[in-house]
Amino acid sequence: MSQAPRPLAGLKVIAVEQYGAAPFGTLHLAQLGAEVIKIENPQDGGDVSRTVGPHFIEGVDPTAASGLFQALNLNKRSVTLDLSQAGGRAVLARLAGTADALIHNLRGDVPARLGLTRADLAPFNPRLVVVHLTGYGREPERARWPGYDFLMQAEAGHFALTGDPDGPPARFGLPMIDYAAGLSAALGLVSAVMAARTSGQGCEIDVSLFDTALFHLSYIGQWRLTHGHVQGRERRSAHAALVPCQLYRTGDGWIYLMCNKEKFWGALCRAIGRPEWIEDERFRRFPDRKRHRDLIETMLDDALSARTTAEWMAVFAGQVPAAPVHDIAQALDNPFVTTTGRLQDVATGEGSFRAIAGPVRVDGQRAPLTAAPALGADTDAVLAEIGYGAAEIAEMRRQGIA
């Protein structure tokens, strides 16, 4: 089947990005068809994630072999430019004249120094959208603070919600604030570009990791603001209000049940052969079950221990919201993953490697994946596209600009 044009074909994005947050956001844009051009410093090896181990992929250029780098930079182009030099900033300005948007994830005080604000770039392209994805924002109070995902989780209260009540505060197992901030920035970028194509005027978008972490407190935060409730960690990763919604023991491990509608309590009771629990006054509604959460935990542990997790999944399938608790190997070896196109082969010069496909399908098709680029792999081509000749590019290389 031929691949239909992707929804963001024709969108050109300059990405002065590194590590996690912005690359995760622009990864989505690239897989949806945008041309994402990574700007990387030739003096320091480019995006720091190019060197982050411990796992490197054989058959890939050494500058792009990091598994971390590949996961976050599929379908992109790489151009080397030293933006600390006036010559590098001049090249960037010309490139910005041909683009729809520029996004970066630098520290809050750096974009002004490198000429990455709208005030710097609008003279070259009034339609340009500039997206600042920073740790704490560009305001003076914390603009100079280095900002990282786990710091945001700690300060915004996420550690206090994660893990067992008897253990220490804990972070998420994945850098979810980086990912969420990257997606917020990508959404802001696309929204602003839509407006700019109508009005002819771009704008400046600000997203910070801290604001993202705070916003993601969502209803937990609302409970505090309106009712003074300070939510803490719940045993077995339980929901704060709904029961049963937590981990339960099976004959060979764990299963997560999520009966978040009243009808699922009845479905669960019937599926495990305990229909009499449905009309038990202690368990009829969510508030009743919450009051008897410990008792329900004991009763369900006992009932579910009669079979393995896999056996219960076969019983519950499509009737009771349930999931097995997988490790990473089991998650990726899951037939629901391996037989449905959720993993793809990515070609390299010497073979291929497997990668996780993007979550957005267009007309039923997932985007084809191309390997993340070697450092500066597209420098000559991109600079030629914006009018530089071979001799000019060679001189830039001699000066360490490109």
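The values are calculated or read from the model by the stated rules, or taken from the named source; none is laboratory data. Since this is a predicted model, take the numbers as computed values, not measurements. Methodologically, a virtual Cβ is constructed for each residue, glycine included, from the backbone with ideal geometry; neighbour enumeration extends over all protein chains shown. Quick note on the areas: whole protein, heavy atoms, side chains included, nothing else; ligands and nucleic acids left out. Shrake-Rupley method; radii C 1.70, N 1.55, O 1.52, S 1.80 Å.
Taking the Cα centre of the chain as origin, work out the dipole magnitude from +1 charges on Lys and Arg Cβ and -1 charges on Asp and Glu Cβ, in debye rounded to 20.
On the way: 40 positive and 44 negative charges, 180 e Å.
So the magnitude is around 860 debye.
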For K261, the lysines lying under 19 Å Cα to Cα, once residues fewer than eight places off in the same chain are dropped, come out as K290
List every residue whose amide H lies under 5 Å from the amide H of D206, counting only residues 5 or more places away in sequence or on a different chain, with H placed 1.01 Å from N in the peptide plane.
H132
Computing the accessible area with a 1.4 Å probe over protein heavy atoms, can you report the carbon and sulfur percentage for the chain?
56
Sum of -39500 (n - 2.57) over DSSP H runs of 4+, divided by residues of the chain (222 nm, nearest 500):
-10000 deg cm²/dmol
Of all DSSP beta bridges with both partners in the chain, the antiparallel percent, nearest 5, is 45
Please state the shape class of region 1-149: rounded when a/c is under 1.5, otherwise prolate if a/b exceeds b/c and oblate if not, all from the C-alpha gyration tensor.
oblate
Quick one: how many Å² of M313 are accessible to a 1.4 Å probe, rounded to 10?
50
Among G341, A213, T134, the residue whose Cα sits farthest towards the positive end of the charge dipole of the chain (+1 at Cβ of Lys and Arg, -1 at Cβ of Asp and Glu, taken about the Cα centre) is A213
Taking Cα pairs closer than 8 Å and at least 6 residues apart, the relative contact order of the chain in percent is 19
Find the relative contact order for region 108-176 and round it to a whole percent, using C-alpha pairs within less than 8 Å whose residues are 6+ positions apart.
23
Restricting to lysines and to Cα separations under 18 Å from K38, and discarding same-chain partners fewer than 8 apart, the set is K12, K76
Mean accessible surface per residue for the chain, computed with a 1.4 Å probe while every protein chain stays in place, in Å²:
49
Is the C-alpha gyration tensor of region 1-87 telling us rounded, prolate or oblate? Criteria: a/c under 1.5 is rounded; beyond that, a/b larger than b/c is prolate, otherwise oblate.
oblate
If we count every other residue with Cβ under 12 angstrom of D206's Cβ, Lys/Arg +1 and Asp/Glu -1, where does the sum land?
-1
Test of understanding: in a Gaussian network model of the chain with alpha carbons linked when under 10 Å, which of R282, R142, R236 would top the mean-square fluctuation ranking?
R282
If Lys and Arg each add +1 and Asp and Glu each add -1, what is the summed charge of the other residues whose beta carbon sits under 12 Å from the beta carbon of R77?
-2
Backbone HN-Hα couplings from phi across region 275-284 [Karplus 6.51/-1.76/1.60, Hz, Gly and Pro as x]
x, 5, 5, 4, 9, 5, 4, 6, 10, 5
Give the dimensionless ratio obtained when the Cα radius of gyration of region 245-325 is divided by 2.2 N^0.38 Å.
0.99
Mean 1/r over distinct Cα pairs of region 302-402, inverted to a Kirkwood Rh in Å, yields 18.6
Where a ≥ b ≥ c are the square roots of the eigenvalues of the C-alpha gyration tensor, would you call region 163-235 rounded, which needs a/c under 1.5, or, failing that, prolate if a/b is larger than b/c, or oblate?
prolate
Mean separation of Cα contacts under 8 Å (6+ apart) over length of region 1-71, as relative contact order %
27
What is the packing order of peptides 158-168, 55-65, taking the mean over residues of other C-beta atoms within 10 Å and listing the highest first?
55-65, 158-168
Taking the Cβ of M313 as the center, what net charge do the other residues with Cβ under 13 Å away carry, scoring Lys and Arg +1 and Asp and Glu -1?
-1
Find which of I393, V362, T379 sits farthest along the positive direction of the dipole of region 358-402, computed with +1 on the beta-carbon of Lys and Arg, -1 on that of Asp and Glu, about the Cα centre.
V362
